[in-house]
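Trainee: Let me begin by handing over the structure; questions about it come next.
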Amino acid sequence: MAKSVKMADIAKTMGVSTVTVSKALSNQKGVSEELRAKIKKKADEMGYRTISAMNQERAKKNASYTIGVVLSDRWLDKYEAFYWTLYQDVAAAAVQRGCFTMLEILQSRDENEMVMPRITQEKKIEGLMIIGRLADAYLEKLLEDIDVPVFFVDFYDRDGAYDAVVSNSFFGMYVMTNHLFDMGHRDIGFVGNMLCTDSITDRFFGYMKSLQEHGVEVDREWIIDDRDPDTGRSDQGFEIRLPERMPTAFACNSDVAASMLVRALEKNGYRVPEDISVVGYDNYQPPGLCDVRITTYEVDMREMARRAVKNMIRKISGEHYKQGINVINGSIIYKDSVAEYKGPRKAPSKEPE
């Protein structure tokens, strides 16, 4: 039957990648016109029906859609509730447009064992959103198997072949680091596991750009982890390890990381911001982790959710929309964790435990 033909089947027959087939059938850039024509011809011969063709009539009747959402459980640890809030904004944006969401929390075991999401196997959704990066091998297999439109939220693929919406992580952390320089700091560290997520990586390079523009070299001793590098979690026995030689300020990849850092600093006798200044990112500070209100770069989650849902519906219905990566700007929120640098500080007097 025609509906059983997948893009992966066409790719195998043509000897090209699934991404190439996807680009050709959706008229995206990156495929020559000659190859595009051949792929479309082969798709017709094999009986493949595009999503837009299957949904054009439905769209004209203003039908609602069910949008599947997949989220890895490692992004939902004790402290990392940012993605849960982002999902709630996605669900609210979908309801406002007469659609519904179906959430599946992907367990680490399923991700490791390559068990595909139930919502994609049961064919109950017209589109799929993935919030937060999945393991590379798992994501590749999922994209090969799925035959509904896909949208990435808060991450993007290497080739930019899939639509995505992200916050402006590079610029946001560049702004936050510049703020520390404006307050007189020059010895500035960074808290976040490099390459753990696209957003952390982008924020690190925003931090790097600020340092380079101020003529300051990166000190690798001041680049510290904010989570277990193996599990990606910060809530299961993980503690931030401070460097022996301390900077005067830290730029943190999230408010959770900033809060954990403040707790570690206070445990070692430092005061924030009197001794060390701290900035975060996302304006989502979990209660009870630290008492200092973190100066941060606020992520416009509602706009991210609105844009993702709007374009997902257009993808499903076959409407025209601007394809590619949507970058959503935020703004700096000044709170209590940054003070002007006034010269070398005295060594902290750590109380005996």
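Trainee: Taking a 27 Å limit on the Cα-Cα distance, which of the listed pairs K12/K310; K23/K310; K141/K315 fall beyond it?
Mentor: Pairs exceeding the cut-off: K12/K310.
Trainee: Sort the stretch 169-298 into rounded, prolate or oblate with this rule: let a ≥ b ≥ c be the square roots of the eigenvalues of the Cα gyration tensor; rounded if a/c is under 1.5, and if a/c is not under 1.5, prolate when a/b is larger than b/c, oblate otherwise.
Mentor: Numbers: a/c = 1.38, a/b = 1.17, b/c = 1.18.
Because its axes are fairly even, with a/c under 1.5, the stretch 169-298 counts as rounded.
Trainee: To continue, here is another question. Given H placed 1.01 Å from N in the peptide plane, which residues other than close sequence neighbours of T101 have an amide H under 5 Å from its amide H?
Mentor: Residues meeting the amide H criterion: I67.
Trainee: Follow-up. Please list, by residue number, every one of the GluC sites (Glu not before Pro) in the stretch 93-192 that is coil in DSSP and has at most 12 other beta-carbon atoms within 10 Å.
Mentor: Answer by residue number: E113, E122.
Trainee: Which whole-number value in Å³ per residue fits the convex hull of the alpha carbons of the chain?
Mentor: Per residue, the Cα convex hull of the chain comes to 146 Å³.
Trainee: Can I ask one more? Of all trypsin sites (Lys or Arg not before Pro) in the stretch 159-265, which ones are in loop regions per DSSP and have a Cβ with at most 14 other Cβ atoms within 10 Å? Don't skip to the end; give the middle numbers.
Mentor: Working: sites: R186, R203, K209, R220, R227, R233, R241, R245, R263; in loops: R186, R227, R233, R241, R245.
Qualifying residues, ordered by number: R186, R241, R245.
Trainee: At most 16 other Cβ atoms within 10 Å and a DSSP loop assignment: could you name the GluC sites (Glu not before Pro) in the stretch 215-309 that fit?
Mentor: When the GluC sites (Glu not before Pro) of the stretch 215-309 are filtered for loop state and at most 16 Cβ neighbours within 10 Å, E217, E239, E244, E274 remain.
Trainee: Could you give me the ³J(HN,Hα) list for the stretch 271-283, computed from phi with Karplus coefficients 6.51, -1.76, 1.60 and θ = phi - 60°, whole Hz, x at Gly and Pro?
Mentor: The phi angles translate into 10, 10, x, 4, 9, 9, 8, 9, 10, x, 8, 4, 6 Hz.
Trainee: Show the residues, 5+ positions off or on another chain, whose built amide H is closer than 5 Å to the amide H of G330.
Mentor: The list, which skips near neighbours in sequence, is N168.
Trainee: For a test of the definition: using alpha carbon positions, the gyration tensor, and the 1.5 limit on a/c, classify the stretch 1-49 as rounded, prolate or oblate.
Mentor: Note, shape of the stretch 1-49 comes out prolate.
Trainee: For the stretch 200-214, just list the computed ³J(HN,Hα) in residue order, Karplus coefficients 6.51, -1.76 and 1.60, θ = phi - 60°, integers in Hz, with x standing in for Gly and Pro.
Mentor: 5, 4, 4, 5, 4, 6, x, 4, 4, 4, 4, 4, 4, 5, 9
Trainee: If you take every DSSP beta bridge whose two residues both sit in the chain, what share of them, in percent to the nearest 5, is antiparallel?
Mentor: The antiparallel proportion sits near 10 percent.
Trainee: Jot down the per residue volume, in cubic angstrom and as a whole number, of the convex hull over the alpha-carbon atoms of the stretch 157-200.
Mentor: Normalising the Cα hull of the stretch 157-200 by residue number yields 80 Å³.
Trainee: Output ³J(HN,Hα) for the stretch 125-137: one whole-Hz value per residue in order, computed from phi by the Karplus curve 6.51 cos²θ - 1.76 cosθ + 1.60 with θ = phi - 60°, and x for Gly and Pro.
Mentor: 10, 9, x, 10, 9, 10, 9, x, 5, 9, 4, 4, 5
Read the figures in this text as sums done on the coordinates, not as results from a lab. The shown structure was predicted, so the numbers you read here are calculated from the model rather than taken from an experiment. Don't worry about glycine lacking a Cβ; one is built from the backbone with ideal geometry, like all the others, and counts go over all protein chains shown.
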